[in-house]
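Undergrad: Once you've had a glance at the structure underneath, I'll fire off some questions.
Each reported figure results from applying straightforward, stated rules to the coordinates on display, with no laboratory input. The structure displayed is predicted, hence computed values, not measured ones. Virtual Cβ from ideal backbone geometry, glycine too; neighbours counted across all protein chains shown.
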Ligand SMILES: C[S@@+](CC[C@H](N)C(=O)[O-])C[C@H]1O[C@@H](n2cnc3c(N)ncnc32)[C@H](O)[C@@H]1O
């Protein structure tokens, strides 16, 4: 842990640590809390977005595991939190295997201690934009059998890629490497026609040089034509949740369902490779 701790720059904010702060975690520093406090104060629904996103991820992993997926690659996994992907998956199968991937050294440092606690989980430090490095990483190759269905998770990560970083092509890269019956989960900041969206996007761009709120259409395009499973792309708060009504829960219905403007800012979908 010490070798990685040395590469952690406490004076520069980190996406992983700001998110940890918004989720109520303790693995953050003053530079992270400064940005986190901006979001909490000026965009008071930010914590609701983080929480809605995390709860949807938990339900999605449960759904994938329920569909028989036994191995997962979690891209931009973030710092360990309550109910991590392997813990959720193991409620369905003790044999579930998870490779956590994040480019932030603090995730590696904490993840090695808290996530990679047995030989069915691993945490690697790698950049999503270099998929060959992830696929070719020996720890990933030892754990994940790419001849069997894989759950590929992009939870709250693709909105940290700008358009010129070609997020749809990255998703396609992974879809081409996993067999049929694999599933892809994406949650993503959703562009609303409101001031709060613009303020939030500007703040992330100013802080990290990245952060892109996309429309429903743009988020759907990230799946590259994969079959979206029920209920399709919807607000995270409604994705297979008790709050969702029966029938159509499209994002256009959010007002009727009395979601706050914040909850409408993050959407997700699960898709299957046929
Ligand atoms: C908002 S957090 C989401 C964490 C978790 N996936 C979740 O949904 O709860 C985004 C994570 O992506 C990581 N990240 C950002 N850009 C990345 C990149 N290019 N490659 C790998 N990880 C990245 C950050 O370090 C951070 O941990």
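Undergrad: Based on other C-beta atoms within 10 Å, arrange 72, 146 from fewest to most.
TA: The most exposed by this proxy come first: 146, 72.
Undergrad: Return the percentage of antiparallel bridges among DSSP beta bridges fully within the chain, rounded to the nearest 5 %.
TA: Taking every DSSP beta bridge within the chain, about 35 percent pair in antiparallel fashion.
Undergrad: Taking 30 Å as R0, compute the FRET efficiency from the Cβ-Cβ separation of residue 30 and residue 243 and round it to 0.05.
TA: Efficiency for this residue pair is about 0.25.
Undergrad: Normalising by the residue count of the chain, find the relative contact order in percent from Cα pairs under 8 Å and 6+ residues apart.
TA: Dividing the mean separation by the residue count of the chain yields 19 percent.
Undergrad: Still on this structure, please answer the following. Given the chain reduced to its alpha-carbon atoms as identical point scatterers, what log10 I(q)/I(0) does the Debye formula return at q = 0.10, 0.13, 0.16 Å⁻¹?
TA: Scattering profile of the chain, log10 relative to I(0): -0.47, -0.83, -1.31.
Undergrad: For 69, 58, which order do you get if you count the other beta carbons within 10 Å of each Cβ and list the fewest first?
TA: So the ranking, lowest neighbour count to highest, is 58, 69.
Undergrad: Under a 10 Å cutoff between Cα atoms, tell me which one of 19, 29, 100 has the largest fluctuation in the Gaussian network model of the chain.
TA: Ranking 19, 29, 100 by mean-square fluctuation puts 29 first.
Undergrad: Now for a different question. Report the extension gain between residue 215 and residue 130 in nm, rounded to one decimal, defined as 0.36 nm multiplied by the number of residues separating them, less their alpha carbon distance.
TA: Going from the current span to full extension adds 28.1 nm.
Undergrad: Right, something else. As a check on your grasp of the helix formula, calculate [θ] at 222 nm for the chain: sum -39500 (n - 2.57) over DSSP H runs of n ≥ 4, divide by the residue count, round to the nearest 500.
TA: For the chain, the value works out to -11000 deg cm²/dmol.
Undergrad: Follow-up question, since we're still on this one. Going by C-beta contacts inside 10 Å, put 267, 207 in order with the fewest on the left.
TA: 207, 267
Undergrad: Let me ask another. Between residue 206 and residue 141, how many nm apart are label points set 7 Å from Cα along the C-beta direction?
TA: Here the modelled spin labels are 4.6 nm apart.
Undergrad: Apply 1/(1 + (r/R0)^6) to the Cβ-Cβ distance of residue 199 and residue 93, taking R0 = 41 Å, and write down the FRET efficiency to the nearest 0.05.
TA: Given R0 = 41 Å and the Cβ-Cβ separation, E is 0.45.
Undergrad: Arranged from highest to lowest average of other beta-carbon atoms within 10 Å per residue, in what order do the peptides 42-50, 208-216 appear?
TA: The densest-packed peptide leads the list: 42-50, 208-216.
Undergrad: Same structure, new question: Running a GNM on the chain with Cα contacts under 10 Å, which residue among 84, 145, 235 ends up with the highest mean-square fluctuation?
TA: 145
Undergrad: Between 200, 141, 99, which gets the highest mean-square fluctuation from a Gaussian network model of the chain, Cα cutoff 10 Å?
TA: It is 141.
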